[in-house]
Every structure is written in structure tokens, then in C-alpha cells.
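Asks: My questions will all concern the structure given below.
The values are calculated or read from the model by the stated rules, or taken from the named source; none is laboratory data. Being a predicted model, the structure only gives us computed values, none of them experimental. FYI the Cβ positions are ideal-geometry reconstructions off the backbone, even for glycines, and counts take in every protein chain you see.
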Amino acid sequence: MNKNMLNIYLTRHGETEWNIENRLQGSLDSPLTNQGIKHAVLLGKRLKNIDFNAIYSSTSKRAFDTAKYIKANRDTPIQALEGLKEINFGDWEGKQKDEVQADEAYKNFWEAPHQYNHKSHNGEELSAFKQRVEDTVEKILLNHENGNILIVTHAVVIRAIMSFTMNIPTEKMWDPPFIHGTSLTLFNWDGERFHFQMVGDTRHFQADVE
């Protein structure tokens with residue numbers, strides 16, 4: 001029996017200005033709001049007693065900044081990985097959701113993702129995106145047999161990670177719970193299978209975690 005156990009702490013970046021404005025970010029970026037910073041700090045306090053062997057972040061500034069607030073005064077460096085970036089929404093990026101919701105592809109992305117067509121707006125193909133995320137996580141896992149790691153990334157990336165670690169088909173990738181900014185998902189890898197402990201937990205939002 002494999003005695004190694006890797007604990008993977010997974011979170012989404014904090015709230016951003018474009019989140020508030022209902023704009024699609026994807027591969028583009030916008031700054032964290034004060035609320036986003038506050039929640040990242042609270043998550044950092046919640047995790048302050050966890051000794052992280054490594055911290056991984058998307059290369060997007062909103063994720064990297066979130067990782068810095070969670071990291072706080074730890075010495076652990078943050079490793080930015082292109083493979084953890086959000087799905088590229090092509091021509092939709094920077095637009096408000098009501099500007100693109102007439103596109104059938106937008107409706108399918110959220111309601112029938114297995115029928116999503118990226119070509120209408122020059123976006124990233126969903127299965128290629130999911131494979132990109134899976135390949136990136138598998139490379140991370142090769143570096144760690146046990147201990148604790150933190151991954152700071154994006155909503156669709158987290159759904160992609162959950163899809164292959166929990167064997168969730170694409171058509172069900174948006175099933176609840178909703179993944180809020182800086183919510184905490186925790187799962188373990190024993191070298192053979194994944195074991196989920198919590199998904200999208202937001203208890204640290206309620207009050208300062210001592």
C-alpha cells in the first residue's frame with residue numbers, strides 16, 4: 001500500500017473589477033478589488049499553519065496577486081505556470097456578458113458545455129483546454145509525492161481539474177457547488193487516486209480566522 005499522500009489546496013483568484021462589471025476575463029486580466037484582496041488575506045489566515053512544499057499560480061496577475069496574499073510571510077516561492085491560465089474566450093474577452101449572450105455558443109458554454117463551439121468567437125477549444133489543464137496538473141503531481149501544495153487559478157480551470165480528478169463528464173462540469181473567488185477546495189492524491197475533502201468552501205469569508 002502506498003503510504004504517500006499529497007494534499008492539494010486549490011483556490012480561485014479573488015474578486016476582480018471585471019467580475020463586478022460582469023466582463024469576461026479569460027486570458028485577459030483586471031485588478032483585484034478590495035473585497036478580493038480581503039478574502040485572499042482571510043484564506044491566507046485560514047491556511048497559516050499549513051506548511052506548503054510549493055505554491056503554483058496561473059501566470060495571470062489576478063491569480064498571482066491572490067497567491068501572494070495567501071502566501072503572506074512564507075518563504076515558499078510562487079511558481080507561475082502558463083498551463084494554469086484561464087480558458088481563452090477569444091473575441092468575448094473584455095466584453096460584458098449581456099453583449100455576448102445572444103451567441104448560441106455562450107449559452108451552450110454554461111448550459112451544455114459538451115456542445116460548446118469555440119469557433120464563433122475565436123476562443124480556445126474546450127477539450128484542448130481541459131487537456132492542457134490535466135497535463136499541467138499531472139506535471140505538478142510528478143514533482144510531489146507527499147506534503148502540501150497550493151494551486152491558485154481560475155473558475156473554469158478548477159472545473160477542468162475537478163472533471164478529470166473526480167471523473168465528471170463535460171456536460172456536468174458546471175454542477176454545484178459554485179466556485180467563488182478564494183473559496184477552498186481540498187483533495188488528496190495517494191499516487192493512485194484522488195480523494196476530495198471539500199469543494200468551494202467559503203467559511204473563512206464569515207469572520208477573521210484566528
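Asks: Checking His39 against (1) more than 18 Å from His204 (Cβ to Cβ); (2) in a helix (DSSP H, G or I), which test does it fail?
Replies: Unmet for His39, out of (1) more than 18 Å from His204 (Cβ to Cβ); (2) in a helix (DSSP H, G or I): (1).
Asks: For Asn167, are the conditions met, namely being surrounded by fewer than 19 Cβ atoms within 10 Å (Cβ to Cβ), over 20 Å from the mean Cα position of the chain (by Cα) and closer than 25 Å to Gly191 by Cα?
Replies: So Asn167 fails the test.
Asks: Could you tell me whether Ala155 is in contact with a helix residue (DSSP H, G or I) (Cβ under 9 Å, 6 or more places away or on another chain), crowded, with 17+ Cβ neighbours inside 10 Å and touching a residue at least 12 places away in the same chain (Cβ under 8 Å)?
Replies: no
Asks: Taking the stretch 10-22 as the region of interest, how many residues are surrounded by fewer than 22 Cβ atoms within 10 Å (Cβ to Cβ) and at negative phi?
Replies: Residues meeting the conditions: 5.
Asks: Also, I was wondering about something else. Across the stretch 96-119, which residue is modelled with the lowest pLDDT among those that are exposed (fewer than 15 other Cβ atoms within 10 Å of the Cβ) and under 15 Å from Arg23 (Cβ atoms)?
Replies: Looking at residues that are exposed (fewer than 15 other Cβ atoms within 10 Å of the Cβ) and under 15 Å from Arg23 (Cβ atoms), I get Gln101.
Asks: Tally time: how many residues in the stretch 64-82 are under 25 Å from Glu134 (Cβ atoms), exposed (fewer than 13 other Cβ atoms within 10 Å of the Cβ) and more than 16 Å from the chain's Cα centre (by Cα)?
Replies: The number of residues fulfilling the criteria is 1.
Asks: Among Gln25, Gln35, which is over 23 Å from Trp189 (Cβ atoms) and either free of Cβ contacts under 8 Å to residues at least 12 places away in the same chain or surrounded by fewer than 20 Cβ atoms within 10 Å (Cβ to Cβ) (or both)?
Replies: None of the others qualify; the one that does is Gln35.
Asks: Take Ile179 and decide whether it is touching a helix residue (DSSP H, G or I) at 6+ places or on another chain (Cβ under 9 Å), outside any strand (DSSP E or B), free of Cβ contacts under 8 Å to residues at least 60 places away in the same chain and of a type in the set (Val, Ile, Thr).
Replies: Criteria not met by Ile179.
Asks: With respect to Arg74, determine if the residue is among the charged types (D, E, K, R), modelled with pLDDT of 95 or more, farther than 21 Å from Leu141 by Cα and not in a helix (DSSP H, G or I).
Replies: It is true that Arg74 is among the charged types (D, E, K, R), modelled with pLDDT of 95 or more, farther than 21 Å from Leu141 by Cα and not in a helix (DSSP H, G or I).
Asks: All but one of (1) over 25 Å from Arg203 (Cα atoms); (2) outside any strand (DSSP E or B); (3) among the polar types (S, T, N, Q) hold for Thr66; state the number of the condition that does not hold.
Replies: The failed condition is (1).
Asks: Hey, another quick one. Considering Lys85, Lys48, which residue is surrounded by 21 or more Cβ atoms within 10 Å (Cβ to Cβ) and among the charged types (D, E, K, R)?
Replies: Answer to the selection: Lys85.
Asks: Next question. Could you list all residues from the stretch 51-62 that are surrounded by 18 or more Cβ atoms within 10 Å (Cβ to Cβ) and either over 12 Å from Leu150 (Cα atoms) or among the charged types (D, E, K, R) (or both)?
Replies: Scanning the stretch 51-62 gives Ser60, Arg62.
Asks: Among the residues that make up the stretch 155-169, is at least one of them farther than 30 Å from Leu42 by Cβ and assigned to a helix (DSSP H, G or I)?
Replies: For the stretch 155-169, residues farther than 30 Å from Leu42 by Cβ and assigned to a helix (DSSP H, G or I): absent.
Asks: Those residues that are under 17 Å from Asn88 (Cβ atoms) and either of a type in the set (Asp, Glu) or touching a strand residue (DSSP E or B) at 6+ places or on another chain (Cβ under 8 Å) (or both), I need them from the stretch 140-160; list them, please.
Replies: Thr153, His154, Ala155, Val157, Ile158
Asks: Where residues in the stretch 96-140 are outside any helix (DSSP H, G or I), of a type outside the set (Gly, Ala, Ser) and over 22 Å from Glu82 (Cα atoms), which of them is farthest from the chain's Cα centre (by Cα)?
Replies: Looking at the filtered set, the residue picked out is Asp103.
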